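All remarks here apply to the structure that follows.
The values are calculated or read from the model by the stated rules, or taken from the named source; none is laboratory data. Predicted, not measured: the structure shown is a model, and the values here were computed from it. Cβ: placed from backbone, ideal geometry, glycine included. Neighbour counts: every protein chain shown. In case anyone asks, the SASA skips ligands and DNA or RNA and just uses the protein heavy atoms, side chains included. Shrake-Rupley method; radii C 1.70, N 1.55, O 1.52, S 1.80 Å.
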Amino acid sequence: LSLHKNGGLVARSKGHRRYYAAILSGGNTASIIMRKNSEVKRFACTDFEYEEDRLYQMEFEVKGSELTLRIDGACILKTTDPDQTYVCGAAGFLIEQGTMLADGFVVNNR
């Protein structure tokens, strides 16, 4: 992530403005959100200091209603969406107002 507002991984995307995302923002925050058009619901948030322009291994696991963010193998956030707003969809990256370099992308169906 480089000079960004928000950046991270998207799961169960149903289009440009409908998805779950695990994001890093401001150099000090990690969050799991759900976006549905103009509505953004923050399911979980924690302090997480990170450096711009450094590689991190990010994993966003979505299993049933459980949403988990791991960074460099450590569980940073775990939450649920009791409504299971999205049950399937595409995966990808999210970047707002900035840039991101990626060294690979893997989708597993475990």
(request) Sort out which residues of the stretch 89-108 are polar (S, T, N, Q) and either over 12 Å from residue 11 (Cα atoms) or in a strand (DSSP E or B) (or both), and write them in order of number. (result) 97, 99
(request) Identify all residues within the stretch 59-86 that are out of contact with any Ser or Thr (no Cβ under 9 Å at 6 or more places or on another chain) and either open to solvent by 80 Å² or more (accessible area, probe 1.4 Å) or under 19 Å from residue 7 (Cα atoms) (or both); write none if there are none. (result) 63, 70, 71, 72, 73, 74
(message) Take the residues in the stretch 44-58 that are in a strand (DSSP E or B) and without any contact (Cβ under 8 Å) to a residue 40 or more places away in the chain; name whichever of them is surrounded by the fewest Cβ atoms within 10 Å (Cβ to Cβ).
(response) 47
(request) Enumerate the pairs (first residue in the stretch 1-18 and free of Cβ contacts under 8 Å to residues at least 40 places away in the same chain; second residue anywhere and surrounded by 12 or more Cβ atoms within 10 Å (Cβ to Cβ) and in a strand (DSSP E or B)) with beta-carbon separation below 9 Å, excluding pairs fewer than 6 apart on the same chain, so at least 6 apart or on different chains. (result) 15/90; 17/35; 17/36
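Residues are listed down the side, and each one gets a yes or a no for (1) of a type in the set (A, V, I, L, M); (2) assigned to a strand (DSSP E or B):
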{"residue": "15", "(1), (2)": "no, no"}
{"residue": "20", "(1), (2)": "no, yes"}
{"residue": "60", "(1), (2)": "no, yes"}
{"residue": "78", "(1), (2)": "no, yes"}
{"residue": "84", "(1), (2)": "no, no"}
{"residue": "87", "(1), (2)": "yes, no"}
(request) Scan 61, 96 and give me the residue that is among the charged types (D, E, K, R) and free of Cβ contacts under 8 Å to residues at least 24 places away in the same chain. (result) 61
(request) Please work out which residue is nearest to residue 106 (Cα to Cα), limiting yourself to the stretch 1-43 and to residues that are open to solvent by less than 70 Å² (accessible area, probe 1.4 Å) and in contact with a Cys (Cβ under 9 Å, 6 or more places away or on another chain). (result) 12
